[in-house]
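Report on the following structure.
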Amino acid sequence: MPIGDLFKKNLKYIELHSQNGVDREERVEKEVPYIPDNLFVKCPSCGEKLYTEEVAANLNSCKYCEHHFRIGNVDRLKMIADEGSFVEIDKNMTSVNTLDYPGYLEKIAGYQKSSGITEAIVTGTCTINSIKVVIGVMDSNFMMGSMGSVVGEKVTRAIEKAMVEKLPLIIFTASGGARMQEGIISLMQMAKTSSAIKRFSDAGGLYITVITDPTTGGVTASFAMLGDIIIGEKGALIGFAGKRVIEQTIKQKLPDEFQTVEFLKEKGFIDTIVARKDMKALLSRILILHQEVQNDN
Amino acid sequence: MTIKEKERKIDELKLKINELKLIESNEKIDFTDQIEELNEKILEMEKRIVDEMTPWDRVLVSREQKRPTSLEYIDEIFDDFIEFHGDRYFGDDKAIVGGIASLDGIKVTVVGEQKGTDTKDNIYRNFGMPSPEGYRKALRLMKQAEKFGRPIVTFVDTPGAFCGVTAEERGQGEAIAKNLMEMAGLKVPVLTFIIGEGGSGGALAVAVSNKIYMLENSIYGVLSPEGFASILWKDGTRAQEAADVMKITANDLLALKVIDGIIEEPAGGAHKDFSMVAGNIKEVMLRELKELQLLSQEELLNHRYERFRAFGKFE
């Protein structure tokens, strides 16, 4: 293959992710995978050309500017859980077509095939530097991480498990919001998960949320913003309404940094921001500082 | 024939009856049979309006400018309502009203999402789209109710939580999330009436309740039909079609157990006979509050928890 073709294929990718070209909202909607199977990838943040392999080896981050590419549950767990410690729960839970929405189950099946998971969140237990926790990792590769019955149920069961076993709970959020195809039942998942967190919180449980790119809509307006400690992964988008909706309302273009974790930290809604490479160490330090508190329960 | 056309036809028939009655008294001619016939026709048409209403028709009725708002119901149903303002942090959101009142001797806290009654008022009320400080005001008043052991009544009527720069900056997501979480823990009965539009998280943020009732022509959904069509089909103009599949009507939601009961409206909507609808709401309110007040704190909390815990089907 001529060397030029290599870059040609990348062009499509570059168009979608270039710094100035396309806003985050578009990225949310087009559901494009982040790392193409190509040799090179252009960093959407600093524009440097990177070896795909090198990016993967570097926690899917840009070695120049530390831009974080979106990652799925497997990569995330690999960098957070101690090796071999993750035990998945509710692994095969899958959606039914509550509202008889045409084509919904086919769509689910398609995502199951392409993502290798049955729903938009993976939950289980693991250890982080030898401290046992209940962990949930949302995966935007599955239907943009949207929350329907299964996501709501798995999150709620994870909370209940943490409560019964008196374990800390960590959830990595990544979601386009409520799953439209399940209509009002998706909305009810917001109340369901939030109610469970209330009980867990009253029982003294430690709940840490990690906001990853992108976290929006019904997930922001429920369990994502209810952590005792809310950590933002550097550069992640977080918001309630979609950027485009707001732009249509105010008839103005919004600045790039609007609705990032950095922005919301300035506004007082995020405890701290951390680069991906430092995530595990930070979680570990927080867990250690809570150990006595947890044991007292 | 659209609903509006049917309504016009009914109005015409009513005019005709009045004319006949006038002629009757002036000219001493007996039109009893004809009037009887026309009255029957009106009844039949009204019944048809109700029977043939599509989900989209109900969306339009729920948004009708003349549809009674929270404050109107509050004034009609309660005695001695005192409105309290502000979230004690940032400001006073006009899209949510609240305060204390008496319901035939039962002391209650009332919270309502408030649309405007005309264009000017709608601008003042931000079209019933609450900002974070509105949800925080609602929560403040609900916690106050809990402190003094008062049951809480909420009215839902919003196109959705406000989507704007200021709302994002002040944590719209956090404000809604906090309300969901804290409402789940309220140690007093919480009763909700959806009186118009129940727009998504913006509605749910005052509706994590023990019992939820809907007016017959209200809607409650994960998003507006326009938003739903725009997200799923990339075409906001297919809202009517979206309304058909979304299951947003009172009947659909009763079947899904999202609500506990439906409150009857006159043909054409609540504005056609406001005092009847207010009376219907009050009757349900008294009955439900009396029942909920029999429950212990623990029973109340478990009742609310189980209600929401049960949502969701999966394999």
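The values are calculated or read from the model by the stated rules, or taken from the named source; none is laboratory data. Since the structure is predicted, the reported quantities are computational estimates derived from the model, not experimental observations. Because the Cβ atoms are built from the backbone with ideal geometry, glycine has one as well, and the counts that use them run over all protein chains shown. Just the protein is used for accessible areas: all its heavy atoms, side chains included, with ligands, DNA and RNA removed. Shrake-Rupley method; radii C 1.70, N 1.55, O 1.52, S 1.80 Å.
Multiplying the residue separation of A:Lys280 and A:Asn38 by 0.36 nm and subtracting their alpha-carbon distance yields 84.2 nm.
Among residues other than A:Lys63 with Cβ under 10 Å from its Cβ, the summed charge is -3 (Lys and Arg +1, Asp and Glu -1). For chain B, the longest principal axis of the alpha carbon atoms and the long axis of helix B:297-309 meet at an angle near 70°. Rounded to the nearest 500, the 222 nm mean residue ellipticity of the protein assembly as shown from helices alone is -14000 deg cm²/dmol, with -39,500 (n - 2.57) taken per DSSP H run of at least 4 residues.
Looking at region A:44-198, what % of the alpha carbon pairs are farther apart than 28 Å?
Of the Cα pairs, 26 percent sit more than 28 Å apart.
Using a probe of 1.4 angstrom and keeping all protein chains present, the accessible surface of chain B works out to 44 square angstrom per residue. Rounded to 0.05, the FRET efficiency of the A:Leu289 and B:Lys187 pair, given R0 = 35 Å and the Cβ-Cβ distance, is 0.65. Taking the longest Cα principal axis of chain B as reference, the axis of helix B:172-184 is set at about 90 degrees. First check a/c for region B:60-309, with a ≥ b ≥ c the square roots of the eigenvalues of its C-alpha gyration tensor; if it is under 1.5, answer rounded, and if not, answer prolate when a/b is larger than b/c or oblate otherwise. Rounded. Note on B:Asn122 and B:Lys66: the extension gain reaches 19.0 nm, defined as 0.36 nm multiplied by sequence separation minus the Cα-Cα distance.
Of the GluC sites (Glu not before Pro) found in region A:228-297, those in coil by DSSP whose Cβ has at most 15 other Cβ atoms within 10 Å are A:Glu257.
Heavy atoms only, probe 1.4 angstrom, no DNA, RNA or ligands counted: give me B:Ile194, A:Ile117 ranked by accessible area, highest first.
A:Ile117, B:Ile194
Of the residues A:Ser222, A:Pro255, A:Ala236, the one whose Cα sits farthest toward the positive end of the charge dipole of region A:210-255, with +1 on the Cβ of Lys and Arg and -1 on the Cβ of Asp and Glu, is A:Pro255. Within chain A, the whole DSSP H helices whose Cα atoms reach 27 Å or more along their own axis and whose mean Kyte-Doolittle score is at least 0.0 are A:183-202. Here the spin labels are modelled as points 7 Å beyond Cα on the Cα-Cβ line, and at B:Glu40 and B:Glu27 they lie 2.3 nm apart. Using a 4.7 Å Cβ-Cβ cutoff, the cysteines of the protein assembly as shown lacking any partner cysteine are A:Cys126, B:Cys163. When only Cα pairs under 8 Å and 6 or more residues apart are kept, what is the percent relative contact order across chain A? So the answer I get is 13 percent.
Taking region B:249-265 and a reference point 7 angstrom along Cα→Cβ of B:Thr54, the backbone N atoms nearer than 16 Å belong to B:249.
A DSSP coil position with no more than 10 other Cβ atoms inside 10 Å describes the following GluC sites (Glu not before Pro) in region A:83-131: A:Glu83.
Taking only C-alpha pairs under 8 Å that are 6+ residues apart, what is the relative contact order of chain B in percent? If you can, show how the numbers build up before the last one.
Numbers: 559 pairs, mean separation 49.0, N = 315.
Answer for chain B is 16 percent.
Buried surface for the B/A pair, taken as the accessible area of each chain alone minus that of the pair with a 1.4 Å probe, is close to 4400 Å² in total.
Each residue, A:Cys46 and A:Ser114, gets one label point 7 Å from its Cα in the Cβ direction; the gap between the two is 3.1 nm.
Please report the relative contact order for region A:153-258, taking Cα pairs under 8 Å with a sequence separation of at least 6, and give it as a percent rounded to a whole number.
Contact order relative to length: 27 percent.
Assign one of three labels to region B:207-315, namely rounded, prolate or oblate, based on the Cα gyration tensor with a ≥ b ≥ c the square roots of its eigenvalues; rounded applies when a/c is under 1.5, prolate when it is not and a/b is larger than b/c, and oblate otherwise. Oblate.
Within the accessible surface of region B:60-309, defined with a 1.4 Å probe on protein heavy atoms only, the carbon and sulfur portion equals 51 percent. With a simple spin-label model that places each label point 7 Å from the Cα along the Cα-to-Cβ direction, the separation between B:Thr166 and A:Lys78 comes to 4.8 nm. Taking the protein heavy atoms of region A:161-297 in the context of the full set of protein chains, the accessible area attributed to carbon and sulfur is 51 percent at 1.4 Å. How far is helix B:132-147 tilted, in degrees, relative to the longest principal axis of the Cα atoms in chain B, given as a value from 0 to 90 rounded to the nearest 10? With both axes taken from Cα atoms, the answer is about 80 degrees. Only Lys, Arg, Asp and Glu carry charge here, each on its Cβ (+1 for the first two, -1 for the last two); on that basis chain A has a dipole of about 220 debye about its Cα centre.
Going by a ≥ b ≥ c, the root eigenvalues of the Cα gyration tensor, does region A:107-192 fall in the rounded group (a/c under 1.5), the prolate group (a/b larger than b/c) or the oblate group? Oblate shape, in that a/c is at least 1.5 and b/c is the bigger or equal ratio. Normalised size of chain A, defined as Cα radius of gyration per 2.2 N^0.38 Å with N residues, equals 0.99. Dimensions of the protein assembly as shown along the principal axes, based on C-alpha atoms and rounded to the nearest Å, stand at 100, 63, 44, largest first. Of the peptides A:202-210, A:38-46, B:232-240, the order by per-residue mean of other Cβ atoms within 10 Å, starting with the highest, comes out as A:202-210, A:38-46, B:232-240.
Converting phi to 3J(HN,Hα) with the Karplus coefficients 6.51, -1.76 and 1.60 and the offset θ = phi - 60°, region B:215-227 yields 5, 3, 9, 8, 10, 8, x, 5, 6, 5, x, 5, x Hz in sequence order, with x at every glycine or proline.
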